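The values are calculated or read from the model by the stated rules, or taken from the named source; none is laboratory data. Note that this is a predicted model, so its numbers are computed, not measured. Heads up, the Cβs are rebuilt from the backbone with ideal geometry, glycines too, and the neighbour counts pull from every protein chain shown. Please note that ligands, DNA and RNA were not included when accessible areas were found on the heavy atoms of the full protein model with its side chains. Shrake-Rupley method; radii C 1.70, N 1.55, O 1.52, S 1.80 Å.
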Amino acid sequence: MKNIFYIEDDIDIAKRVKAYLESKGFSVSVFSNISTAKDNIIKKLPALCLIDIKLSDGNGKDLCSWIRKSYPELPVIFITVKNETDDIVTGFDIGADDYITKPFELDILYSRICALLRRSKNSYRIYVCNDILLDDNKLKVFLNDKEITLSAMEYQLLQILIKNKN
């Protein structure tokens, strides 16, 4: 089951989209602000992110830029009321894979998600154990969200321990 993160501060819209996508077989996690979304993306990378631009703690465009720097292959779709040409062009320029304006049809959103996931190369291998995150794609290790440097042998040992943590 593919997991989708939806960053949206309008509870009614979030509930409607979540219920619809879950009826189509997706697992949907809704976050109402950028900071919680970032924390959760670091812990468990989703298959795709749906992002509203106007959020209570900032601009969804900033979140998209952060995703592009940290997880360049993670698909992003903006869902927003901002429907001016400049807004849409800017959305694509900062890294969105698609841009949907509100109001929208849930069937069309679903079709766009499916199309994007078919083309996605989202094969991140990220492992988490308590406050340690090991990113096998970038060969990096983070402790409490701060990158730590390990020798090749230390990295390999940590990788074995985290992958077999039970």
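Would you mind finding the one in D52, D93 that is in contact with a helix residue (DSSP H, G or I) (Cβ under 6 Å, 6 or more places away or on another chain) and charged (D, E, K, R)? Steps first, please.
Numbers: D93 fails: in contact with a helix residue (DSSP H, G or I) (Cβ under 6 Å, 6 or more places away or on another chain).
Matching residue, one of D52, D93: D52.
When the residues of the range 39-85 are filtered to those that are open to solvent by 60 Å² or more (accessible area, probe 1.4 Å) and part of a helix (DSSP H, G or I), which remaining residue is farthest from V128 (Cα to Cα)?
Quick first cut of the range 39-85, residues open to solvent by 60 Å² or more (accessible area, probe 1.4 Å) only: 39, 43-44, 54, 56-57, 62, 69, 72-73, 81-85.
From what's left, part of a helix (DSSP H, G or I): 39, 43, 62, 69, 85.
Numbers: D39: 12, K43: 6, D62: 25, K69: 20, T85: 40 Å.
Out of the qualifying residues, it is T85.
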| query | A96 passes all but one of (1) in contact with a Lys or Arg (Cβ under 6 Å, 6 or more places away or on another chain); (2) open to solvent by less than 50 Å² (accessible area, probe 1.4 Å); which number fails? | reply | (1)
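Results for (1) over 21 Å from the mean Cα position of the chain (by Cα); (2) within 28 Å of E22 (Cβ to Cβ); (3) modelled with pLDDT under 90, shown as yes or no for each residue.
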position	(1), (2), (3)
T90	no, no, no
E105	yes, yes, no
Y110	no, yes, no
V128	no, yes, yes
V141	no, no, yes
| field | Boolean, Y71 is among the aromatic types (F, W, Y) and either within 27 Å of I11 (Cβ to Cβ) or within 15 Å of the chain's Cα centre (by Cα) (or both) | value | yes
